[in-house]
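All remarks here apply to the structure that follows.
The values are calculated or read from the model by the stated rules, or taken from the named source; none is laboratory data. The structure displayed is predicted, hence computed values, not measured ones. Glycine gets a Cβ as well: all are built from the backbone with ideal geometry, and neighbour counts include every protein chain shown. SASA here: full protein model, heavy atoms, side chains in, ligands and nucleic acids out. Shrake-Rupley method; radii C 1.70, N 1.55, O 1.52, S 1.80 Å.
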2 protein chains.
Amino acid sequence: MARTHPMSNRQILVVEDERPIREMVAFGLRRAGFDVVEAEDTREARARIADRRPDLVLVDWMLPDMSGLELTRALKKDKDMREVPVIMLTARAEEHDKVSGLEGGADDYVTKPFSPRELLARINAVLRRSHAAARDEVVSAGGLTLDSAGHRVMVGEATVPLGPTEYRLLSFFMTHPERVYSRGQLLDRVWGGNVYVEERTVDVHIRRLRKALEGFDCDRFVQTVRGAGYRFSTRVE
Amino acid sequence: MARTHPMSNRQILVVEDERPIREMVAFGLRRAGFDVVEAEDTREARARIADRRPDLVLVDWMLPDMSGLELTRALKKDKDMREVPVIMLTARAEEHDKVSGLEGGADDYVTKPFSPRELLARINAVLRRSHAAARDEVVSAGGLTLDSAGHRVMVGEATVPLGPTEYRLLSFFMTHPERVYSRGQLLDRVWGGNVYVEERTVDVHIRRLRKALEGFDCDRFVQTVRGAGYRFSTRVE
DNA sequence: ACGCAATGTGACGCATCCGTGACGGTTTCC
DNA sequence: GGAAACCGTCACGGATGCGTCACATTGCGT
């Protein structure tokens, strides 16, 4: 929660076993003004995350000891590390990977081969979204304002009356808009992976969230995607 | 949420006469999200290629009736099958074979013994090359935008109201445009190979898809090819 | 022009999914 | 210590979408 790095010196952890690629990526990022930490396997990565607290983790899908996917899953289950945004680096371009990568908890993915420009764009997008909270800034969408410092969501001058879980849910949605999440994914990322609760519980909290947003005419942003999950989108259907 | 639908729309034909190996490979590929069709000789392989239209063929170098190399050569001579990428599976590691394998028209080769990871990497590399157009996160065609992360198709700022099946159907079409698919093929690839439904059901969903696209003046992209099946094409007839 | 086959179209029953209100148990805050 | 708030679960009912059928329409060959 405490701001540990100045804006111009954001720290990124690059997890990649192939040294040439890792160094090339690291070089590009340093050139772009980032502070880069490198790791070549997941064991090292976990250690660096624990002691350096990077602002973002860039992880290769294919790693020697454990796949990047599993690392991501593990991170998102750890309460201390759940907030760290993850971008998956993958050589695989199929839809399958996009889905499973995101199910594992990655905030975005970049397909190899990628241009430095594309990678930077993704990194900045994710940093802007997910770390706005950690920088005590606000995220706005469709009249809603997420004030993470104040742990509340506002519409104009009014505060939306939310319970803790509804706040976390809406907070997650607002930092991850325009994207469908299954009930299972939401349980992983909003509830935390280690607890077992019925998937239908998500429905109930969606209901409570909608009810809270109802008075502000914002409930339409929480959208049901039949057979898939839920999506937060300010674009009307 | 045990979905029966293929996660990736990619279908792979495995041609291998030794059953244990074939089944192991097929298992690994299915696990990785691919839709797998098996064949144990070149005769069967040609039949499967003709009726299933796989995205990629994985063929053993040594086959009982005709060598995989000859199958590959034959495929590349056939106008209908020339576009299908081929990966050769060979027990021989000599440089000589690599060369002749590629000369025969294979897009890549993998030397036995191989790790599943290596095989997947090769497959994805080849798929990426041959389906370069289909690998972007958002696929656009004729004003339509497929937003796979958001599980929706948009026209400008508006969302096309699609049911789950219609979404999968249109999603498949947009990633496989300009090509005719029979009702049977569509059932395989969109519905998932293991379900039995009437072929006419496809017609009904085509109808529903067209109706949904009607308001956006995009229904003309879904074209009927009498006696053959359906095709998605942004080229006007 | 005629007839057959293929495709378009509207309707219907059924299964599934999702919204919703209620309830018991636990935590939090006076 | 009590009340209020909150959470997870359940059951019920409505809504949605699916697969099939029957009938209309189109297109093709003769």
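Structure notes:
- Sorted on the mean count of surrounding Cβ atoms within 10 Å across their residues, most packed first, peptides B:33-42, A:195-204 read B:33-42, A:195-204.
- At R0 = 41 Å, FRET efficiency that the Cβ-Cβ distance of A:VAL197 and A:GLU44 yields, to 0.05: 0.75
- Copies compared at B:ASP17 - label distances in nm, ascending, label defined 7 Å from Cα in the Cβ direction: 3.5
- With label points defined 7 Å past Cα in the direction of Cβ, position A:GLY227 shows copy-to-copy spacings of 3.3 nm, given to one decimal and shortest first.
- Whole-Å distance, taken between Cα centres, linking segment A:14-62 and segment B:165-237: 44
- Per the accessible-area calculation with a 1.4 Å probe, the total area buried between chain B and chain A rounds to 2400 Å².
- Threshold 10 Å² - residues in segment A:211-236 whose accessible area is reduced by that much or more when the chain is no longer isolated, probe 1.4 Å: A:VAL225, A:ARG226, A:GLY227, A:ALA228, A:ARG231, A:ARG235, A:VAL236
- Of the listed residues B:MET62, A:MET154, B:MET174, the order by accessible area with a 1.4 Å probe, largest first, is B:MET62, A:MET154, B:MET174.
- Label 7 Å beyond Cα on the Cβ vector: A:GLY143 copy-to-copy distances, nm: 3.0
- Out of every Cα-Cα pair that segment B:136-232 contains, those further apart than 18 angstrom amount to 41 percent.
- Rounded FRET efficiency, nearest 0.05, which uses the C-beta distance separating B:ARG208 from A:GLU214 and R0 of 45 Å: 0.90
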